[in-house]
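A.B. asks: Here it is, the structure, as structure tokens.
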Amino acid sequence: MKVFLNGIAGTGMSSLAGLFKLKGYDVFGSDVNFYPPVDKILENMKVKLFNPYNAENIPKDVDFCVIGNIVSRGNPEAEYILNNGVEYYSMAEALYKYFIKGKKSIVAAGTHGKTTIASFITYLLDAAGAGFEPGFFIGGKPRDFNANYSISGSDYFVIEGDEYETSFFDRSSKFLKYHPFYLILSALEYDHLDFFPSESIYLKAFQNLVNQVPSQGLIVMNNEYPMNSQAVEKAFTPVVAYGASGNPDYLIKNIRHREDHYTFTLAHGAQETVFTTFLAGRYNAWNLTAGIILGLHLGIPEKTIKEAVENFKGVERRLNKINHIGNTLFLEDFAHHPTAIKETLLSVKEIYPQKKLIVLFEPRSWSLRRNFFQDRLGVSFLDADEIFFREVYQKEKIPADQRLDVPKIEKELTAAGKSVTVFEDVRTAMDFLKSLDYQREQVVVILSNGSFDGLPDFVRGL
């Protein structure tokens, strides 16, 4: 079988190429930019690559094509596919048709935490052994596996449920293609303003997802977020709630930071169980609990679950250490929302209470570059001592009346007693980092959901 991937160089499409290679397909693909590490990954897969887009790139005997969501009408390959009646799918459709269909689909969805939850569930099922080894497809890179995808060796397939749009020919959310049997709803807060023009439309996507779950399936839900309860209020599927407040089915208690790890207690009825994790951040008690509940539901022994919680290494770019020089520690996190920023910095302050906290932040996502979060973003940094705040990424492309007002945030934080530097050129941040006295007790956190123009790699090389 021959498959052609139109727009192959993104994280998702390149991973899909890997799945097809594992299945024995001949894979071809095209794009205009092949950045590291995807370029080497695709080369090592021995995928036949083309640059730039051209209708002649598509093999005449191709069996079907996959059109990535980065591709728009007018793309010469997409136009050829449409004009010549070539069979084609979106990435999400191809995932379901060729890898998920016939399996019990485990979908981790939500504004925050879904990558970690999907990675932990994958690790837990793999640790459970025969009959549980899952296929998986995850947006981030799980640190316990060599790749972020694999073909299923059992009846289970774990997938991170992205609520963003599917493709130019299908404007619905990707996760609606995955048909969950088991659904995890982590933390729902309005996001992706470019695709969801209102909070009610954002919520509706999750309500539609809930309505796909069979009555014999299961929904595991974080009860700390009001939107979660709204999403499941008409569910025909059993719902199990977890959280640290209210009256959830599983109550998270006694979260404690102890030197290099956290402990937390999970209470279910009269039974209380203590878990230990080496993941940084108390919010991971919620992420891990979602997987614990599913594991118990699937009949995995508690001993196996406790060992998985303790041994799980997490996900790359989730409060990971990227360097340590003298008494200065450098961390990186994929921050894309005010709540995530606040929780990340709160956790860093808790773990390193005696260290000065320096934050370098880049507002790069569609939502953060605009002023929707104007009133919430500044206060997310109050646990930091010194803040380097980059100007809005490609701000000239955003109308002034819609753009995040960075000077306003600078004034707010300065009034709160914080040292704030606003910069545009990443070399300003690099020069600052080179000038630091590394013998001082300090922790530097780099926050961006993009490349930050290579700043994390620069820090690794200090």
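The values are calculated or read from the model by the stated rules, or taken from the named source; none is laboratory data. As the structure is a computational prediction, the values presented were derived from the model and not from experiment. Glycine also receives a Cβ, built like all others from the backbone with ideal geometry; neighbour counts cover every protein chain displayed.
A.B. asks: Of everything in segment 378-408, what is in a helix (DSSP H, G or I), of a type in the set (A, V, I, L, M) and farther than 17 Å from LEU357 by Cβ? Give them in sequence order.
C.D. replies: Residue satisfying the conditions is VAL406 alone.
A.B. asks: Could you please find all residues in segment 1-25 being surrounded by 24 or more Cβ atoms within 10 Å (Cβ to Cβ) and on the phi > 0 side of the Ramachandran plot?
C.D. replies: Passing the criteria: only GLY7.
A.B. asks: Which of the following residues is without any contact (Cβ under 8 Å) to a residue 60 or more places away in the chain and in contact with a strand residue (DSSP E or B) (Cβ under 7 Å, 6 or more places away or on another chain): THR111, THR116, THR122?
C.D. replies: From the options THR111, THR116, THR122, the qualifying one is THR122.
A.B. asks: Only one residue in ASP191, ASP162, ASP155 is out of contact with any Gly (no Cβ under 7 Å at 6 or more places or on another chain) and closer than 20 Å to ASN287 by Cβ, so which one is that?
C.D. replies: ASP191
A.B. asks: Restricting attention to segment 115-137, which residues are of a type in the set (A, V, I, L, M, F, W, C), surrounded by 19 or more Cβ atoms within 10 Å (Cβ to Cβ) and in a loop (DSSP other than H, G, I, E, B)?
C.D. replies: Hit for segment 115-137 is PHE132, nothing else.
A.B. asks: If you check THR111 against the conditions, is it modelled with pLDDT under 95 and crowded, with 19+ Cβ neighbours inside 10 Å?
C.D. replies: It is true that THR111 is modelled with pLDDT under 95 and crowded, with 19+ Cβ neighbours inside 10 Å.
A.B. asks: Specify which of the listed residues (LEU176, LEU188) is in the same structural domain as LEU209 (by TED's automatic domain parsing), touching a Ser or Thr at 6+ places or on another chain (Cβ under 6 Å) and either more than 17 Å from LEU16 (Cβ to Cβ) or surrounded by fewer than 23 Cβ atoms within 10 Å (Cβ to Cβ) (or both).
C.D. replies: LEU188
A.B. asks: Restricting the search to segment 362-383, which residues are crowded, with 17+ Cβ neighbours inside 10 Å and within 13 Å of GLU410 (Cβ to Cβ)?
C.D. replies: PRO363, LEU377, GLY378, PHE381
A.B. asks: Ok, one more. Testing ASN323 on (1) buried (at least 17 other Cβ atoms within 10 Å of the Cβ); (2) closer than 25 Å to SER245 by Cα, one condition comes back false. Which one is that?
C.D. replies: So the condition that ASN323 fails would be (2).
A.B. asks: Do you know which of the residues in segment 225-280 that are assigned to a strand (DSSP E or B) and among the charged types (D, E, K, R) is nearest to SER200 (Cα to Cα)?
C.D. replies: That would be LYS253.
A.B. asks: Looking only at segment 439-446, decide whether some residue is in the same structural domain as LEU331 (by TED's automatic domain parsing), within 28 Å of HIS192 (Cβ to Cβ), touching a Gly at 6+ places or on another chain (Cβ under 9 Å) and not small (Gly, Ala, Ser).
C.D. replies: no
A.B. asks: Just to be sure I understand, how many residues within segment 208-224 are in a helix (DSSP H, G or I), surrounded by 15 or more Cβ atoms within 10 Å (Cβ to Cβ) and without any contact (Cβ under 8 Å) to a residue 40 or more places away in the chain?
C.D. replies: Result for segment 208-224: 1.
A.B. asks: Now, a different point. Which of the numbered conditions does LYS234 fail, given that it passes all the others? Conditions: (1) crowded, with 20+ Cβ neighbours inside 10 Å; (2) farther than 18 Å from LYS313 by Cβ.
C.D. replies: For LYS234, the failing item is (1).
A.B. asks: When you look at PHE195, is it among the hydrophobic types (A, V, I, L, M, F, W, C) and modelled with pLDDT of 95 or more, yes or no?
C.D. replies: Judged against the criteria, PHE195 is not a match.
A.B. asks: Continuing with this model, one more query. Can you tell me which residues in segment 301-320 are surrounded by fewer than 20 Cβ atoms within 10 Å (Cβ to Cβ) and over 20 Å from GLY110 (Cβ atoms)?
C.D. replies: Listed by number, the residues that qualify are PRO301, GLU302, LYS303, THR304, LYS306, GLU307, GLU310, ASN311, LYS313, ASN320.
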